[in-house]
Amino acid sequence: MKNRLRTSLLFAVPAGILLSCLLCLLLSDAPLEAMKGFFFGPLKSIYNLGGMLNSAIPLLFGALASSIAIKSGNLNLGGEGQVYAGGFVATALALSLGDAGIPGVILCVGAGALVAGSAGALSGFAKMKWKTNEMISSFLLSCTIVLIVDRLITGPFMDRGSNLLTTAKVSRSMWLSYILLPSQLSSAIFIALAAAILMKLLLCRTRFGLKLRLTGQSYRFAVYSGIRTGFYTWFPMFLSGALYGTGGALAVFGTYHSCLKSFHSNMGWNGLAVALLAGADPVAAIPAAIFYAWIESGARIAMQSTTVSARIASVIQAAVFLLITCSVFDRRATARIEGGSR
Amino acid sequence: MTYILSSVLVTICPLLLAAMGGLFSNIGGTLNIALEGLMLLGSFTGYLFCWYTGSLFLGLLCSSALTAAAAALLALIVFRLKAQPFIAGLALNLLFGGLCPILSGRLFGTEGVLSLNGIPAPSAALFSVLTAVMTALTLVILFMTPFGLRLRACGMNRDAVLCAGLSPERLEIRSWSVCGALCALAGSAVSLQLGSYVPGATSGKGWIALVIVFLGGNRPLGLAGAAMVFALAEALGNHLQGLWSIPAEYILALPYILTLTVLVIFSAVGRRRKSFKSA
């Protein structure tokens with residue numbers, strides 16, 4: 001897995017950069033401006049840099065969530081709903097607590113993580129009991145959650161005084177501090193980095209992590225080894241959902257300060273994408289999340305200064321994924337594949 | 001009652017067409033995750049070509065050909081370059097999610113709703129008939145032709161196909177092309193029935209089609225049944241929304257909840273029938 005990551009990454013990242021240049025050339029009336037904005041825009045000012053790092057936080061949490069699921073042999077496609085649920089539950093609790101300060105933040109984030117984790121655990125439980133495909137069940141559940149939370153935000157929890165479709169803002173004492181003014185980068189980034197290192201330690205240095213990975217790599221072997229595969233089927237899904245929920249809750253306390261409608265947009269899918277980019281490794285997810293956030297920010301900044309559509313970010317990200325996943329570029333993987341049937 | 005029936009027909013056509021496409025890929029052994037992206041491409045190009053050529057038939061034909069080519073390209077990447085099907089499918093969804101708005105912006109100056117003149121309006125029954133025909137054709141092709149037999153063999157036992165002297169990759173690439181063409185029809189059903197291209201009108205339908213493929217048990221009629229369940233739920237929900245004042249979002253969630261319940265029940269019940277299989 002490590003070799004495949006390095007070789008394909010060697011092709012994919014430069015190809016992505018080349019493709020961005022090509023797209024800027026084709027689609028923009030001022031290609032050089034667009035390219036400058038795309039590559040250097042996020043780094044040009046503290047505001048842009050901080051914004052880019054800030055958008056990497058939910059991506060990192062999403063990547064951690066997806067990595068845990070992937071390592072245990074599951075695929076959690078319910079990220080969108082779990083992020084939304086986590087953020088909403090945290091906001092709702094915070095609004096009822098009032099001025100609760102940092103202990104309140106911890107409580108609310110925990111509550112959000114718990115609820116989001118339960119959503120993931122439901123899929124995991126169905127998989128454990130009835131071999132229900134967790135991809136589909138988590139996806140369907142997520143669609144349902146998104147619609148329900150949408151309704152709760154625009155209905156009973158709506159802040160009538162605001163121009164946006166959002167809940168009321170949480171109390172000032174519960175806002176996470178900005179660490180890089182004038183940008184929006186909040187202290188949640190330290191939590192994200194700590195979580196990444198924690199996850200890596202959990203997966204690679206504990207017995208729990210070993211059993212989890214074994215269950216993912218070879219279910220039958222795990223069963224015969226006496227590992228409680230049932231537990232290691234649903235619990236990683238719970239952790240995955242909890243991590244997504246934490247990302248959502250921290251986005252609320254750090255950036256938005258209220259639960260905006262659809263703030264979760266693409267956080268779930270992008271988290272999964274970053275995890276795939278990082279080869280499901282928690283520590284590799286850190287540069288992967290920053291790279292991904294850089295493409296997104298770059299596209300937005302290029303759009304602001306020239307006529308390039310911000311959608312080129314999607315095209316570039318897609319190309320990078322396609323290249324990363326082609327294991328034909330890795331000689332070892334090819335030898336393994338040609339040795340037997342796929 | 002006729003209102004429910006007509007709305008069921010409108011809902012079921014894109015879902016069932018895309019699900020047939022998914023069936024072609026799934027029966028060959030690898031599920032095509034990119035139904036969503038291919039539907040989007042089909043929706044956009046269907047609208048585009050119908051406007052450009054002024055004829056429904058030519059427009060649908062060109063759109064299907066283009067989407068089939070895109071699906072074939074994806075299949076090439078998955079089967080020849082040994083990409084992971086799931087990631088490649090996600091990447092394609094992402095790609096067309098970005099490409100279509102970009103093209104729309106370059107050609108028409110807007111990334112939003114397109115309401116062009118000169119689009120021939122499809123008759124009310126056109127897509128229903130088309131869907132029925134395609135379902136029947138799928139049944140025939142998959143279960144009564146040599147190609148279908150080989151494709152099904154590919155899904156059951158790749159080595160057997162290799163031993164027979166055939167190339168499983170070629171079979172799969174061909175079946176994915178058919179999948180692309182069907183997804184194009186599904187997408188066009190959405191945009192042409194609406195009369196304008198609405199970005200996001202097809203969002204989610206590709207994933208629902210995947211669920212339908214999963215529930216339908218690799219049989220075209222099973223797929224039709226599953227699609228019917230979903231479409232009925234949606235149509236009933238819309239109807240009930242008017243009758244009782246249930247908030248719109250809860251009605252929209254009803255098909256998802258229903259499908260999830262059906263999925264869980266199916267797996268719980270099905271497990272007793274199936275013999276022990278590796279997890």
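The values are calculated or read from the model by the stated rules, or taken from the named source; none is laboratory data. It should be emphasised that the depicted structure is a prediction, and the values quoted were computed from it without experimental measurement. As a convention, Cβ positions derive from the backbone with ideal geometry for all residues, glycine included, and neighbour counts pool all protein chains shown.
Only one of (1) buried (at least 16 other Cβ atoms within 10 Å of the Cβ); (2) within 18 Å of A:Tyr256 (Cα to Cα); (3) of a type in the set (D, E, K, R); (4) away from chain B (no Cβ under 14 Å) is not met by A:Arg160, so which one is it?
Going through the list (1) buried (at least 16 other Cβ atoms within 10 Å of the Cβ); (2) within 18 Å of A:Tyr256 (Cα to Cα); (3) of a type in the set (D, E, K, R); (4) away from chain B (no Cβ under 14 Å), A:Arg160 breaks only (1).
Considering A:Leu277, A:Leu243, which residue is in contact with a helix residue (DSSP H, G or I) (Cβ under 8 Å, 6 or more places away or on another chain) and modelled with pLDDT of 90 or more?
Among A:Leu277, A:Leu243, only A:Leu243 is in contact with a helix residue (DSSP H, G or I) (Cβ under 8 Å, 6 or more places away or on another chain) and modelled with pLDDT of 90 or more.
I'd like the residue in the stretch B:236-279 that is over 25 Å from the mean Cα position of the chain (by Cα), at the interface with chain A (Cβ under 7 Å from one of its Cβ atoms) and at pLDDT 75 or above and, out of all such residues, is surrounded by the most Cβ atoms within 10 Å (Cβ to Cβ).
The selected residue is B:Pro247.
Can you say whether B:Leu215 is of a type in the set (A, V, I, L, M), out of contact with any Cys (no Cβ under 9 Å at 6 or more places or on another chain), over 26 Å from A:Ile136 (Cα atoms) and at pLDDT below 90, as far as the supplied structure shows?
no
I'm told B:Met228 meets every condition in (1) within 23 Å of B:Phe79 (Cα to Cα); (2) part of a helix (DSSP H, G or I) except one. Can you identify the failing condition by its number?
(1)
Tell me the residue from A:Ala94, A:Ala90, A:Ala65, A:Ala111 that is of a type outside the set (D, E, K, R), modelled with pLDDT of 90 or more and under 23 Å from A:Ala280 (Cβ atoms), please.
From the options A:Ala94, A:Ala90, A:Ala65, A:Ala111, the qualifying one is A:Ala65.
Considering each residue of the stretch A:117-141, count those that are more than 9 Å from every other protein chain (Cβ to nearest Cβ), among the small types (Gly, Ala, Ser) and out of contact with any Phe, Trp or Tyr (no Cβ under 6 Å at 6 or more places or on another chain), and give that number.
4
Going by what's in this entry, would A:Val320 be described as touching a helix residue (DSSP H, G or I) at 6+ places or on another chain (Cβ under 7 Å), at pLDDT below 80 and within 12 Å of another protein chain (Cβ to nearest Cβ)?
yes
Is it true that A:Gly101 is more than 29 Å from A:Thr215 (Cα to Cα) and in contact with a His (Cβ under 9 Å, 6 or more places away or on another chain)?
No: the conditions fail for A:Gly101.
Return yes or no: is A:Val83 hydrophobic (A, V, I, L, M, F, W, C), closer than 30 Å to B:Ala268 by Cβ and away from every other protein chain (no Cβ under 14 Å)?
yes
Can you tell me which condition B:Pro146 does not meet? The list is (1) away from every other protein chain (no Cβ under 11 Å); (2) within 14 Å of B:Phe44 (Cβ to Cβ), and all the others hold.
(2)
For the stretch A:280-301, how many residues are assigned to a helix (DSSP H, G or I) and acidic (Asp, Glu)?
Residues in the stretch A:280-301 being assigned to a helix (DSSP H, G or I) and acidic (Asp, Glu): 1 in total.
Keeping to the stretch A:289-303, report how many residues are among the β-branched types (Val, Ile, Thr) and either surrounded by fewer than 22 Cβ atoms within 10 Å (Cβ to Cβ) or within 19 Å of the chain's Cα centre (by Cα) (or both).
2
Which of the following residues is under 18 Å from B:Leu16 (Cβ atoms), within 14 Å of chain A (Cβ to nearest Cβ), surrounded by fewer than 24 Cβ atoms within 10 Å (Cβ to Cβ) and among the aliphatic types (A, V, I, L, M): B:Leu194, B:Leu139, B:Leu215?
B:Leu215
Name the one entry in A:Ile136, A:Ile197, A:Ile148 that is touching a residue at least 12 places away in the same chain (Cβ under 8 Å) and either buried (at least 16 other Cβ atoms within 10 Å of the Cβ) or touching a His at 6+ places or on another chain (Cβ under 6 Å) (or both).
That would be A:Ile136, the only listed residue that is touching a residue at least 12 places away in the same chain (Cβ under 8 Å) and either buried (at least 16 other Cβ atoms within 10 Å of the Cβ) or touching a His at 6+ places or on another chain (Cβ under 6 Å) (or both).
Tell me the helices (runs of 4 or more DSSP H) entirely within the stretch A:13-122 that contain at least 2 residues that are surrounded by fewer than 23 Cβ atoms within 10 Å (Cβ to Cβ) and without any contact (Cβ under 8 Å) to a residue 40 or more places away in the chain.
Helices (runs of 4 or more DSSP H) meeting the threshold: A:31-44, A:79-97.
Report yes if some residue within the stretch B:171-179 is at pLDDT below 95, within 30 Å of B:Gly105 (Cβ to Cβ) and aromatic (Phe, Trp, Tyr); otherwise report no.
no
Being of a type in the set (Phe, Trp, Tyr) and within 18 Å of B:Gly206 (Cα to Cα): is that true of B:Phe127 here?
Considered against the rule, which asks whether it is of a type in the set (Phe, Trp, Tyr) and within 18 Å of B:Gly206 (Cα to Cα), B:Phe127 comes out as yes.
Which residues, counting only those in the stretch B:77-110, are more than 17 Å from B:Ser25 (Cα to Cα) and either at the interface with another protein chain (Cβ under 7 Å from one of its Cβ atoms) or of a type in the set (Lys, Arg) (or both)?
Within the stretch B:77-110, B:Leu81, B:Ala91, B:Leu94, B:Leu95, B:Gly97, B:Gly98, B:Leu99, B:Pro101, B:Ile102, B:Gly105, B:Arg106 meet the criteria.
Regarding A:Met174, is this residue at pLDDT 95 or above and either surrounded by 14 or more Cβ atoms within 10 Å (Cβ to Cβ) or among the aliphatic types (A, V, I, L, M) (or both)? First the steps, then the outcome.
On the way: at pLDDT 95 or above: no; either surrounded by 14 or more Cβ atoms within 10 Å (Cβ to Cβ) or among the aliphatic types (A, V, I, L, M) (or both): yes.
Considered against the rule, which asks whether it is at pLDDT 95 or above and either surrounded by 14 or more Cβ atoms within 10 Å (Cβ to Cβ) or among the aliphatic types (A, V, I, L, M) (or both), A:Met174 comes out as no.
Identify, by number, the condition in (1) without any contact (Cβ under 8 Å) to a residue 40 or more places away in the chain; (2) in contact with a helix residue (DSSP H, G or I) (Cβ under 7 Å, 6 or more places away or on another chain) that B:Tyr52 doesn't meet.
Among (1) without any contact (Cβ under 8 Å) to a residue 40 or more places away in the chain; (2) in contact with a helix residue (DSSP H, G or I) (Cβ under 7 Å, 6 or more places away or on another chain), B:Tyr52 violates only (2).
All but one of (1) under 20 Å from B:Leu221 (Cα atoms); (2) within 13 Å of chain A (Cβ to nearest Cβ) hold for B:Ser203, so report the exception by its number.
For B:Ser203, the failing item is (1).
Quick one: in the stretch A:304-314, of everything that is more than 15 Å from B:Thr110 (Cβ to Cβ) and surrounded by fewer than 24 Cβ atoms within 10 Å (Cβ to Cβ), which residue is nearest to the other protein chains (Cβ to nearest Cβ)?
Per the stated criteria, the residue is A:Thr306.
Output the helices (runs of 4 or more DSSP H) that fall wholly within the stretch A:202-279 and possess 3 or more residues being crowded, with 22+ Cβ neighbours inside 10 Å, or say none.
Qualifying helices (runs of 4 or more DSSP H): A:231-251, A:267-277.
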